[in-house]
Amino acid sequence: MAATAARTQSWWQEKLHRLSLHARVTLLAAVAVGFAVALVSVSAYVTVRQQMYQNLDNSLIDRAQQAAKNGVLTNQKNLVNIPTDAFGLSDIRLGVYLANGQPIGATNSYLPPMGPTELDIAQNPGDEASVRTFGTRKGEHFRVVAVPAEFCPLQARCDIDPDLLQPAALVVAQSLSPIDRTLHNLGIVLWAFGLVGVIGAALAGNAIAQSGLRPLVRLTGAAEHVARTEELRPIPVTGSDEISRLALAFNAMLQALARSQDRQRRLVGDAGHELRTPLTSIRTNLDLLAQADKRGGLRAEDRQQLLDDVRAQMDELTTLIGDLTELARDTPQVRDAELIELSNVVEDAVLKVRRRAPGLEWDVQLAPFPVWGDERLLGRAVTNLLDNAAKYSTPDSPPAEGEPPARVIVRLRDGVLTVTDSGPGIAEADLPHVFDRFYRSSEARSRPGSGLGLAIVKHAAEQHGGMIYARNAPGGGAQFTLWLPHAATQSR
């Protein structure tokens, strides 16, 4: 039984899942109203039936008790000789059931149904009456009532000698045909109204589904349009219901996709422009070498200068490609985070950059600070900050004798990394753009670099839930501040 019920439930669930949402809403409305109509109809039918039976029973018992009390119908002479019409009982069957099991009825009339229930009333007289329903083979139904009575035989003078009275049961039966017809008609009316109600509910559910799901249809059409044409145009939203909120979320997603697409287009466009310069320079130098070889070759120092230039352009191209690869990921946050000691990352970056800029003085003070993040990405961001400081702190000519060397100040306290250089500082017009991709100020165009180093720093800070900002230091030079949250406050 349990297995059959489980299979039936699975079958219904499979059928429902195949239906559209529109069909489900219509079916739900029809089923809900149908269930409510069925409940009301059954309740009304049962209530009316019970009330009609109760009224009939009360009427039959009252009439039978009155007849048994006055003794007219329990006198055999009256019962045999006087027709039942004289007592106003033409709609019922009347009879007396003696305690010895003998039935006695009126002349030219049918006896009411008599059985063990009526015999028990006759043999055990009391204050209670019996009520039951009896059906014949012809399909007729009777409501049979029996009350205790005292029967007077045909030739006895019971008014003179009361001892001649015999215990019996006065049995009254009435046909239920009028009640059955009424209940049948009531059932037809209830079925008709119920069917009309279910059809009306289905139509109303269909109308509600069409009206309520219209925004969802538009949203589906918009999604299909985006998938077909790749046009990220938002759809108009009206109302404030759940579907409207879904449409707003869909529009927000489209806007996010559009912004990401725009960033990718700008990145590709800027990358193509930036890659063109070193590639053109490399091609030009290689062409010069090839032409010189055809004419007998270059001098050794000229050839070495061209090769050094090609090697420098290749290094710049390699750095640019690495920076582009990092920025092209465009991930919102670090996925595979691990517990990192930020001071160790900064210390390793200082050692690496110090070897590339031996002429600078490095003032480094680091305090331990744990963070959750990507050690490789954080290391690259810190290295870019230090490389940027070293590039602008390195003077164009060696310092004069007795002049102090340029200095880079590095501080790490409470997750705040501050890098201050000894360069000329940042122009006010350039401050809002120093972290933009491929942005290079007029002073920086003469220096090596791809214009992506600080953009990677900002990208790494955002991925780790931190921030980066730049300003001019009070004592001169540019100052960059990178803040990262503590590991205890970061979500893994």
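Taken over the range 362-381, the criterion of being outside any helix (DSSP H, G or I) and either in contact with an Asp or Glu (Cβ under 9 Å, 6 or more places away or on another chain) or open to solvent by 80 Å² or more (accessible area, probe 1.4 Å) (or both) is satisfied by V364, Q365, L366, A367, P368, F369, P370, V371, W372, G373, D374. When F134, F142 are checked against the criterion of being open to solvent by less than 50 Å² (accessible area, probe 1.4 Å), modelled with pLDDT of 85 or more and aromatic (F, W, Y), F142 stands alone in meeting it. In the range 169-178 there is at least one residue that is assigned to a helix (DSSP H, G or I) and at pLDDT 85 or above. If only residues of the range 392-427 that are modelled with pLDDT of 85 or more and of a type in the set (D, E, K, R) are counted, the one that is surrounded by the most Cβ atoms within 10 Å (Cβ to Cβ) is D421. Filtering the range 103-120 to residues that are farther than 19 Å from L56 by Cα, modelled with pLDDT of 85 or more and open to solvent by less than 20 Å² (accessible area, probe 1.4 Å) leaves only G115.
Do we have any residue at all in the range 217-231 that's open to solvent by 50 Å² or more (accessible area, probe 1.4 Å) and part of a loop (DSSP other than H, G, I, E, B)? Yes; the residues of the range 217-231 include at least one that is open to solvent by 50 Å² or more (accessible area, probe 1.4 Å) and part of a loop (DSSP other than H, G, I, E, B). Taken over the range 69-102, the criterion of being part of a loop (DSSP other than H, G, I, E, B), open to solvent by 70 Å² or more (accessible area, probe 1.4 Å), more than 21 Å from R143 (Cα to Cα) and modelled with pLDDT under 80 is satisfied by P83 alone.
Restricting the range 150-181 to residues that are among the β-branched types (V, I, T) and surrounded by 14 or more Cβ atoms within 10 Å (Cβ to Cβ), the residue that is farthest from P116 (Cα to Cα) is I179.
The values are calculated or read from the model by the stated rules, or taken from the named source; none is laboratory data. In this text the structure is predicted, and so the values were computed from the model without any measurement. Here the Cβ is made from the backbone with ideal geometry for all residues, glycine too, and neighbour counts use every protein chain on show. When the accessible area is computed, the model is the full protein with side chains, heavy atoms only, and any ligands, DNA or RNA have been set aside. Shrake-Rupley method; radii C 1.70, N 1.55, O 1.52, S 1.80 Å.
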